[in-house]
Amino acid sequence: MKAYFASLLSRRKTSSCSDFFAVKNMSFTIKAGDRVGIVGHNGAGKSTLLKTLCRVYEPSGGTLTIDGNIAPLLEIGAGFHPEFTGRENIFLNGAILGYDKRYLETISPEVIAFAELEDFIDTPVKYYSTGMYMRLAFSLATAMHPDILILDEIFAGGDAAFIAKARARMHELIDKANIMIMVSHDHRLIETLCNRVLWLDHGRLVADGAPTEVVERYLSSQTQS
């Protein structure tokens, strides 16, 4: 499985004066087993890149090739229906990702247990806290063992105990040679979970390399600016 991203121009934001490309002239290949972190300042194009990889945005130019199924966790609770219960949303979200009902029935007890939502799984998710949303979304996506797992600040709303569990599960997925791509402002987390980091700046790829080296270069550039 791999994701190949060549000279991709993301969706343009236009004004009466000029065109703006959130991501431009970027090329890279991600292979099985890669755990890729993405760093950059706010507005650097990180989330746009992830949404393009997930086909939320269609590229206006270039080539995007993906081999494998994707489980995107781009926004907390994205894809959940607020009036549906947590249990109902497991089946809704799973169906959206292409899994059949029988398979979802098999994994749902483990999803509920890992999310620690046994007492609230039949409550409409509109009453869930941000942390509860995050736990259910993360548990579902990772229980389905996708080829490519894409995370955008997914740990931001979680408590310390659940984040520790989530990190352990991430390592389990990595051990199964799945691809993981994540955006996070927690640079220590990126250095712990990733074997490679991309540094974006104003929509362009500045560096692609070892986590500690790239993160240190990025942080140094921020202190100098």
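Coordinate-derived values only; no laboratory data. All values reported here derive from a predicted model rather than from experimental measurement. Methodologically, a virtual Cβ is constructed for each residue, glycine included, from the backbone with ideal geometry; neighbour enumeration extends over all protein chains shown.
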With +1 on the Cβ of every Lys and Arg and -1 on the Cβ of every Asp and Glu, the dipole magnitude of region 26-153 about its Cα centre, in debye rounded to the nearest 20, is 380 debye
Determine the dipole magnitude for region 89-225: charges of +1 sit on the beta-carbon of Lys and Arg, -1 on that of Asp and Glu, nothing else is charged, the reference point is the Cα centre, and the result goes in debye to the nearest 20. 160 debye
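Mind listing which GluC sites (Glu not before Pro) in region 77-183 are in a DSSP loop and have 11 or fewer other Cβ atoms within 10 Å? Let's see the in-between values first.
Working: sites: Glu83, Glu88, Glu105, Glu110, Glu116, Glu118, Glu153, Glu172; in loops: Glu83, Glu116, Glu118, Glu153.
Sparse-neighbourhood loop GluC sites (Glu not before Pro): Glu83, Glu118.
Quick check: residue separation of Asn69 and Ser27 times 0.36 nm, minus the Cα distance between them. What number comes out in nm?
13.0 nm is the gain from fully extending Asn69 to Ser27.
When a/c reaches 1.5 or more, the comparison of a/b and b/c decides; with that in mind, is region 60-125 rounded, prolate or oblate per its Cα gyration tensor?
Working: a/c = 2.53, a/b = 1.83, b/c = 1.38.
It comes out prolate by the Cα gyration axes.
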Given charges at Cβ of Lys, Arg, Asp, Glu: region 124-225 dipole, positive-most of Val215, Gly203, Val125: Val125
Take every DSSP beta bridge with both residues inside the chain and express the antiparallel ones as a percent of the total, to the nearest 5. 55 percent
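Grab the DSSP H runs of the chain that are 4 residues or longer, score each as -39,500 (n - 2.57), total them, divide by all residues and round the 222 nm result to the nearest 500 deg cm²/dmol.
On the way: 7 runs with 85 residues, N = 225.
Dividing the helical sum by the residues of the chain leaves -12000 deg cm²/dmol.
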Gyration tensor on Cα atoms of region 105-192, a ≥ b ≥ c root eigenvalues, a/c under 1.5 rounded, else prolate if a/b beats b/c, else oblate, says oblate
A student applying the Cα gyration tensor rule (rounded when a/c is under 1.5; otherwise prolate if a/b is larger than b/c, oblate if not) would label the chain prolate
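Counting alpha carbon pairs within less than 8 Å and at least 6 residues apart, what relative contact order, in whole percent, applies to region 94-194? Don't skip to the answer; put the middle values down first.
Numbers: 76 pairs, mean separation 24.6, N = 101.
For region 94-194, the relative contact order is 24 percent.
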If Asp100, Asp152, Asp201 are placed from fewest to most neighbouring beta carbons inside 10 Å, the sequence is Asp100, Asp201, Asp152
